[in-house]
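Asker: Take this structure, written in structure tokens, and hold onto it; I'll ask about it next.
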Amino acid sequence: MIFEMLEQDNYEQILFCQDKNTGLKAIIAIHDTTLGPALGGTRMWPYASEQEAIVDALRLAKGMTYKSAAAGLNLGGGKAVIIGDPRKKTEELLRAYGRFIRSLNGRYITAEDVGTTVEDMDIIRQETKFVTGVSPAFGSSGNPAPVTAFGVYQGMKAAVQAAFGSDGLKDKTIAVQGVGNVAYQLCRYLHEEGAKLIVTDINPDNLGRAVNEFGATAVGVEEIYGADCDVFSPCALGAIINDQTIPKLKAKVVAGSANNQLREPRHGEMLEERGIFYAPDYVINAGGVMNVADELQGYNKERALKKVATIYDNIQKVFEIAAEEGIPSYLAADRLAEKRIEAVKMSRRMYLP
């Protein structure tokens, strides 16, 4: 069963980690290391079953392969999950987990994710150097939200260029779903360029902050889908582009920071049929992984931001591939990633004896 799952999408490795003394139960999935060592965060979650944890680790690892490849990074894709309540994690458990990462000798590099923090990464770092997203004292960039938001801003401009013939956002109306850490910083960029903002959030403090600081118009959680806008920017939950929401959309562009925005691949087809320009999530929100990747060579903010700015070019490439091959943009993003991986594989074969 497990080998069948690995073969389906050509995963390289899955490691089951158990430490009875600390209660550690973790799974590290490595999808592809063609471009370099696998980079991906560690998620801690009280999964209902081991099978659910395995599926999540595998799905997320593959996503990281494509994200890094499309971003032009020399990194592969991996992900780890720790089964358990993140509120009950201990130093001993994290250090035991760190020793398993160390045993992979650099094939997998971890970072924070849902259920883990910068402080957790600092603890893991006591056992292994193969960890990023640590405290600034260890050479980290600190809070990645502003850099991630900058990348989404660049990608949104590229998508607007494709849809409207100009990448200017002044006087464009942008509906932002969720105004947490990343989206708040994104709204700042949009406001400074003169965009008109419509926002929603389940947290009234987040909502009030956007209204007060950026002059945004607040609407209900369900109203945001039908907002009269040029750009719909999903920056909260995944799977929000679906059968129920697509018919409500009035936007010409969908571009936001949320992961896994399409509930199913066919919803990418539906956006295409309606003439909506979709900026694939793992391309537009890659600023975070670009920023973390820069830490691996000694963090330099100017260099990191220069790299993140290339998200504009990457989104342009996606739409170019989509037009050339007559395919939806979500498939074009996959082509962009797969072409890069295959090109590196071919170059290596040339030098094999």
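Asker: Give the number of residues within the range 92-130 that are modelled with pLDDT under 95 and β-branched (Val, Ile, Thr).
Answerer: So the count comes out to 4.
Asker: What do you reckon, is Gly238 closer than 25 Å to Ser68 by Cβ and surrounded by fewer than 22 Cβ atoms within 10 Å (Cβ to Cβ)?
Answerer: Yes: the conditions hold for Gly238.
Asker: Output the residues belonging to the range 41-63 that are over 24 Å from Gly106 (Cβ atoms) and assigned to a strand (DSSP E or B).
Answerer: Trp45
Asker: Could you identify the single residue in Ala258, Ala239, Ala210 that is assigned to a loop (DSSP other than H, G, I, E, B), of a type outside the set (Val, Ile, Thr) and either more than 20 Å from Gly151 (Cβ to Cβ) or free of Cβ contacts under 8 Å to residues at least 40 places away in the same chain (or both)?
Answerer: Within the list Ala258, Ala239, Ala210, the selection yields Ala239.
Asker: Could you tell me whether any residue of the range 266-274 is of a type outside the set (S, T, N, Q), assigned to a loop (DSSP other than H, G, I, E, B) and either closer than 21 Å to Ala322 by Cα or in the same structural domain as Val221 (by TED's automatic domain parsing) (or both)?
Answerer: yes
Asker: So Val211 clears everything in (1) at pLDDT 95 or above; (2) crowded, with 18+ Cβ neighbours inside 10 Å; (3) among the aliphatic types (A, V, I, L, M) except one condition, right? Which one?
Answerer: (2)
Asker: Determine which member of the set Lys248, Lys306 is among the charged types (D, E, K, R) and within 20 Å of the chain's Cα centre (by Cα).
Answerer: Lys306
Asker: Still on this model: Quick one: Gly151 ticks every box in (1) modelled with pLDDT of 95 or more; (2) in contact with a Cys (Cβ under 8 Å, 6 or more places away or on another chain); (3) closer than 15 Å to Val292 by Cβ bar one, so which box is it?
Answerer: (2)
Asker: In the range 151-176, what count of residues is obtained for those that are crowded, with 21+ Cβ neighbours inside 10 Å and either assigned to a strand (DSSP E or B) or of a type in the set (Phe, Trp, Tyr) (or both)?
Answerer: Total satisfying the criteria: 4.
Asker: Working only within the range 241-259, note down all residues that are closer than 16 Å to Gly180 by Cα and either surrounded by fewer than 17 Cβ atoms within 10 Å (Cβ to Cβ) or among the acidic types (Asp, Glu) (or both).
Answerer: The one that is closer than 16 Å to Gly180 by Cα and either surrounded by fewer than 17 Cβ atoms within 10 Å (Cβ to Cβ) or among the acidic types (Asp, Glu) (or both): Asn259.
Asker: Here is a check on your reading of the model: is Val179 over 22 Å from Pro247 (Cα atoms), surrounded by 24 or more Cβ atoms within 10 Å (Cβ to Cβ) and touching a residue at least 24 places away in the same chain (Cβ under 8 Å)?
Answerer: Judged against the criteria, Val179 is a match.
Asker: Name every residue in the range 11-40 that is part of a loop (DSSP other than H, G, I, E, B) and either touching a His at 6+ places or on another chain (Cβ under 8 Å) or without any contact (Cβ under 8 Å) to a residue 12 or more places away in the chain (or both), in order of residue number.
Answerer: The answer is Tyr11, Glu12, Lys20.
Asker: Let me ask something additional. Select from the range 74-101 the residues that are part of a helix (DSSP H, G or I) and either closer than 23 Å to Gly63 by Cβ or in contact with a strand residue (DSSP E or B) (Cβ under 8 Å, 6 or more places away or on another chain) (or both) and list them in ascending order.
Answerer: Result: Pro86, Leu93, Ala96, Tyr97, Gly98, Phe100, Ile101.
The values are calculated or read from the model by the stated rules, or taken from the named source; none is laboratory data. If you're wondering where the values come from, they're calculated on a predicted model, not measured in any experiment. Don't worry about glycine lacking a Cβ; one is built from the backbone with ideal geometry, like all the others, and counts go over all protein chains shown.
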